[in-house]
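Quick notes on the structure that follows.
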Amino acid sequence: MLASGRTVSSRLLRPTAWLPLRLSSERTAASSLQKELIKKHEQDELRPLYMDFQATTPMDPRVLDAMLPYQVNYYGNPHSRTHAYGWESESAMETARKQVADLIGAVPREIVFTSGATESNNMAIKGVARFYKAKKRHVITTQTEHKCVLDSCRILESEGFDVTYLPVQKNGLLDLELLEASIRTDTSLVSVMTVNNEIGVKQPIKEIGQICRSKGVFFHTDAAQAVGKIPISISDWKIDLMSISGHKIYGPKGVGALYVRRRPRVRLEPIQNGGGQERGLRSGTVPTPLAVGLGAACSIAQKEMEYDHQRVSMLANRLVQKIMSEIPDVIMNGDPEQRYSGCINLSFAYVEGESLLMALKDVALSSGSACTSASLEPSYVLRAIGADEDLAHSSIRFGIGRFTTEEEVDYTAEKCIEQVHRLREMSPLWEMIQEGIDLKSIKWTQH
């Protein structure tokens, strides 16, 4: 046996005749890969400008730098307590947890890592409702929430819960008196988005939090579009649960967090069971590299938030002024003051939104939420604020972020002005408007 083992070892160590051949084939493969990369790079140079920062954000290179060691060298399971590999990963995970907590003014133990804001919203809404269902079976939300919030509420309705979907005003803001009047003795939760992902409207979260606290009702907010972009204080705003997304703040995709208040304590029934990680609220191994990336993104956002906000506001104003000074009959959807400036939703009357998107193929834009943009139906958010169906169909969302340049804004505005003029010249409706005909006075007939 030993002799045989030595023979095998000597065979393994001896240079083989096929080694140069293998190296040659590897070099050929590397060369072809290099050619493919060069070709791809040339194609990348022709990619459209990115103006869709509400759908997702590019990862900040500093975030990637923080993540890489945990992808390659420090790969231990953060829940392994018996060796250094686990301790290293656990330490990195807890550092990231503190970075997330610091950004919103929370305590690290109140942060639960998730796969993203969709999971966080599901956990918060279903978890609180189900935990308190013995005494409270009523939930309140708004008609302009993200689809994952609305769908979670519909699941609760199928389980026998009563859900109130509050309308919003024409400016997209919630009527606080209506909210207060809608709260009942059996209301367990109110869920209102901080910044709307389609029209950028910023809800009066502090006032909503005060109403909910005074009524003894838990308050959840989907802050995926707000965290890292506007200052947030969960204590001052009296928030009980808050959803956070990594890829909306220049972090990695596939990671997010849920803030769950400890004092006064919020209880929720977990929707994922297993090893009891994350205080038993979200079982499963926490992906250390992704958690580190989220923590790094939050840390960067905390340091650069004021600068980013000023710069994004300047670029947004530049875009809107250029477009509106050159194109008549353009409507900005949502409140002009209470909004996050980096999300601009404009309706171009007498222009089909999908046609304009196709005409602006060298700029990456959207006609609504990335989660529902495959549908040709007009945005339910725009319909909720009372936009006419034709204006809802003519809306485009412009997203501006940390890496947007003045040149990109100017190019987008110029192309938009050019293409809107071109499409309107082709529109018989625009021609009728120019002739002074009131379209609402026409009785259209179907054949």
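The values are calculated or read from the model by the stated rules, or taken from the named source; none is laboratory data. Given the structure is predicted, the values throughout are model-derived calculations rather than measurements. Note that we place each Cβ from the backbone using ideal geometry, even for glycine, and neighbour counts take in every protein chain shown. Keep in mind that these areas ignore ligands, DNA and RNA; they rest on the heavy atoms of the full protein, side chains included. Shrake-Rupley method; radii C 1.70, N 1.55, O 1.52, S 1.80 Å.
Round to the nearest 10 and report in Å² the accessible area of K133, as given by a 1.4 Å probe over the protein chains' heavy atoms.
Approximately 100 Å² of K133 is accessible to the 1.4 Å probe.
Which chymotrypsin sites (Phe, Trp or Tyr not before Pro) in the range 39-121 pass both tests, a DSSP loop state and at most 15 other beta-carbon atoms within 10 Å?
Passing sites in the range 39-121 are Y75.
Step through the table entries K147/K202; K98/K147; K170/K248; K202/K238, compare each Cα-Cα distance with 25 Å, and write down the pairs that go over it. It would help to have the intermediate numbers written out before the result.
Details: K147/K202 18 Å; K98/K147 29 Å; K170/K248 27 Å; K202/K238 16 Å.
In this structure, K98/K147; K170/K248 lie more than 25 Å apart at Cα.
Whole number in Å², please: accessible area per residue of the range 38-192, 1.4 Å probe, ligands, DNA and RNA not counted.
That works out to 49 Å² per residue.
Ignoring ligands, DNA and RNA, what percent of the accessible area of the range 53-130 is carbon or sulfur (1.4 Å)?
Carbon and sulfur: 56 percent of the exposed surface of the range 53-130.
Need one word for the range 118-220: rounded, prolate or oblate. Basis is the Cα gyration tensor (sqrt eigenvalues a ≥ b ≥ c); a/c below 1.5 gives rounded, then a/b vs b/c decides.
Since a/c reaches 1.5 but b/c is at least a/b, the shape of the range 118-220 is classed as oblate.
Can you give me the accessible area per residue for the range 268-317, using a 1.4 Å probe, in Å²? If you can, show how the numbers build up before the last one.
On the way: 2210 Å² over 50 residues.
Result: 44 Å² of accessible area for each residue.
Round to the nearest 0.05 the FRET efficiency obtained for L68 and A134 when R0 = 56 Å and r is the Cβ-Cβ distance. It would help to have the intermediate numbers written out before the result.
Working: r = 48 Å, r/R0 = 0.86.
So the FRET efficiency works out to roughly 0.70.
5 Å is the cut-off here: which amide hydrogens, built 1.01 Å from N in the peptide plane, fall below it relative to S366, excluding neighbours closer than 5 in sequence?
Answer set, sorted by chain and number: R397.
DSSP loop (so not H, G, I, E, B), at most 11 other Cβ within 10 Å: list which trypsin sites (Lys or Arg not before Pro) in the range 52-106 pass both filters. Working shown, then result.
Values: sites: R62, R81, R97, K98; in loops: R81.
Qualifying residues, ordered by number: R81.
Taking square-rooted eigenvalues a ≥ b ≥ c of the alpha carbon gyration tensor, is the range 36-175 rounded, prolate or oblate, where a/c under 1.5 means rounded and, failing that, a/b exceeding b/c means prolate? Intermediate results must be reported in sequence, preceding the final value.
Details: a/c = 2.56, a/b = 1.33, b/c = 1.93.
Here the range 36-175 falls in the oblate category.
Just by accessible area at a 1.4 angstrom probe, what is the order of L294, L178 from largest to smallest?
L178, L294
Using the alpha-carbon centroid of each, what span in Å lies between the range 212-266 and the range 169-208?
Using only Cα atoms, the two centres lie 15 Å from each other.
Does the range 321-370 come out rounded, prolate or oblate by the C-alpha gyration tensor, with a ≥ b ≥ c the root eigenvalues, rounded set by a/c under 1.5 and, if not, prolate when a/b is larger than b/c and oblate if not?
It comes out oblate by the Cα gyration axes.
Name all residues of the range 97-141 having a backbone nitrogen under 14 Å from the label point set 7 Å from the Cα of E269 along its Cα→Cβ direction, giving them as ranges.
The answer is 123-138.
Starting from the Cα of E326, step 7 Å along the direction of its Cβ; do the same at S233; then give the gap between the two resulting points in nm.
4.3
Say R0 is 25 Å: what FRET efficiency, to the nearest 0.05, do E389 and S214 get from their beta-carbon distance? Present the calculation step by step, with values, prior to reporting the outcome.
Numbers: r = 39 Å, r/R0 = 1.56.
Efficiency for this residue pair is about 0.05.
Sticking with the crude label model, points 7 Å out along Cα→Cβ, report the distance from E36 to T285 in nm, one decimal please.
Those two pseudo-labels are separated by 2.8 nm.
Of all the accessible heavy-atom surface of the range 273-333, with the other protein chains kept in place and a 1.4 Å probe, what percent is carbon and sulfur?
Exposed carbon and sulfur together represent 48 percent of the surface.
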